[in-house]
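Scroll down for the structure; my scribbles are underneath it.
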Amino acid sequence: LRSYLRDESSRLRLLRRFYEKVQALHQDPEASVDNPLLAFSLIKRLHSDWPNIIYSDEATRNTQALHAGLREVEQELPGAEDLDGAARALMRLQDVYALSVKGLASGVFQRAGHPPLYSPGRRASLSADDCFHVGKVAYDTGDYYHSIAWLEEAVSLFRLSYGSWNLEDRSSLEDALDHLAFSYFMAGNISHALSLSREFLRYADPSNQRVSRNVAKYKKLLEMGTGATAMPTRSCASAPGGRWDWQGCRGPPPPLWPPHAFLAPLPPQPAPEQLLHLSCSYETNGSPFLLLQPAKKEMVRIQPHVALYHDFITDAEAETIKGLAGPWLQRSVVASGEKQQKAEYRISKSAWLKDTADPVVRALDRRIAAVTGLDLRPPYAEYLQVVNYGLGGHYEPHFDHATSTKSPLYRMKSGNRIATVMIYLSAVEAGGSTAFIYANFSVPVVKNAALFWWNLRRNGNGDGDTLHAGCPVLAGDKWVANKWIHEHGQEFRRPCSADPQD
């Protein structure tokens, strides 16, 4: 585009110079055609110079060069799936962090009555066309709760600039009114659908037969008494992001927790006697490997057992791991029966690194083994999984351990996942916490720290309190490395308890 603008500017400068020369000759009162030289110049200009300017191939060549440049990078540019995914990410952030659409459109990340969750150094806002596209993505999937909110903002912004046109706009006030009216109709608010349809006919296209028929239909429905006036509400079961109607990602919960449509009632906060066991300490875990540099352990919760190890890796190690994984990143998959597939409830990219990939990975395995006291030799642990969560990247509530014997996890023939080590390879500006749903607490992203928890009880049963979620990244780029350790090989490292319920 820069090259195109430069070449076109050069062409237009030459064209302006020719115009100014011609204008000067025509406006000069002494430039009489009685002068044979002036007569010759005029005839030549009108016969050959002028057509040469008009039919110049330079403008075409410049445009062709612009198109050729686009074709060279076209495969690397975002596609329609990426654009729609980004729109869904904005709706997810809107839901999870209770952000208003009007605030988001003006570049403000804030809940009503709360301080901003994120204050960017450079405030960016969305155009009417941007808001229309987000609303259209929701509209196309029948999600009228979100389509109404975003199309309302699009209509509002289009009204402010009515009559003007931007090069990048693919939609208009008419498009927004048309989609918004139908969204209200599908949501049951027929009176508002009628009002918007009338506005469409008044300002856009009075002869539009389809909208005219809609107006007649809405009027008839209202006369029959079927019109609603209330704003539509979102149901957890139908709307994208509906499972996030809990506040684990927004901060501490209110004293009285509302019941949730998907999850069992949450337990109360830890008892005072449990809080006494939450502490910070230097740990060697009986390992010579940690004698000179003990692990900095922070007990986050007793049940489930969750610990955070600060400064677990260095900045250089984190960058090495990200660099190794970068070329191999692919859309993350989840277990579905006996298969693995992509899913909307997990939005991230991941890659797997063997311990032979680099000395840093091998050293990290030794460090994890020392801190946890577990056996990581194959096949007792999986390869290191490196995950990148970008715009709105998240992972809805899930267990790391398998809940079915048909799970692909059992192909390793080393039992279920007994423990998880999750290493934060980067910091984020906002969002991205790891929220434990039933246990009712969350752990923010702490760069270079490692989060550890037991997935299974000592009797081999899954620990239901480990249901957790990766909260959407509100601002920043979240990188984590996961190490999943299996139960086989750990029989004498984490033996059974005398209590069969433990």
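Computed 3J(HN,Hα) for segment 394-407, one whole-Hz value per residue from the Karplus formula 6.51 cos²θ - 1.76 cosθ + 1.60 where θ = phi - 60°, is 7, 9, 5, x, 7, 9, 6, 7, 6, 9, 9, 6, 8, 4, glycine and proline marked x.
For Tyr139, the accessible surface of its heavy atoms amounts to roughly 50 Å² (probe 1.4 Å, protein chains only, rounded to the nearest 10).
Kirkwood radius and radius of gyration were both taken over the C-alpha atoms of segment 106-165, and their ratio Rg/Rh is 1.04. Size descriptors for segment 80-224: radius of gyration and Dmax over Cα atoms are 16.2, 54 Å.
Seen from a random direction on average, the alpha-carbon convex hull of segment 267-486 projects onto 12.2 square nanometres. Taking the empirical scaling 2.2 N^0.38 Å for compact globular proteins as reference, segment 1-76 has a Cα radius of gyration ratio of 1.59.
Just the accessible area per residue of segment 267-486, please: how many Å² with a 1.4 Å probe?
Per-residue value: 45 Å².
Each principal axis of the Cα cloud of segment 428-502 was evaluated for its coordinate range; sorted largest first, these ranges are 46, 25, 13 Å. For the chain, relative contact order (Cα pairs under 8 Å, six or more residues apart, normalised by length) works out to 12 percent. Exposure check, 1.4 Å probe, all protein chains in place: Ile53 carries approximately 60 Å² of accessible surface.
Against the criterion of solvent-accessible heavy-atom surface with a 1.4 angstrom probe, Val73, Val155 sort, most first, into Val73, Val155.
The helix-only estimate of mean residue ellipticity at 222 nm for the chain, built from DSSP H runs of length n ≥ 4 each weighted as -39500 (n - 2.57), is -11500 deg cm²/dmol after division by the residue total. Sorting Met412, Met224, Met422 by accessible area puts them as Met224, Met412, Met422; the probe is 1.4 Å, largest comes first, and only protein heavy atoms count. I'd like the carbon and sulfur percentage of the solvent accessible area for segment 1-76, probe radius 1.4 Å, heavy atoms only, ligands and nucleic acids excluded. Carbon plus sulfur share of accessible area: 56 percent.
Here the average projected area of the convex hull drawn through the C-alpha atoms of segment 65-148 stands at 7.4 nm². Return the carbon/sulfur percentage of the accessible area of segment 80-224, one whole number, probe 1.4 Å, all protein chains in place. Carbon-and-sulfur percentage of accessible area, whole number: 53.
The values are calculated or read from the model by the stated rules, or taken from the named source; none is laboratory data. For clarity, every value in this text was computed on a predicted model and none was experimentally measured. Note: accessible area is taken over every heavy atom of the protein model, side chains too, but ligands, DNA and RNA are not part of it. Shrake-Rupley method; radii C 1.70, N 1.55, O 1.52, S 1.80 Å.
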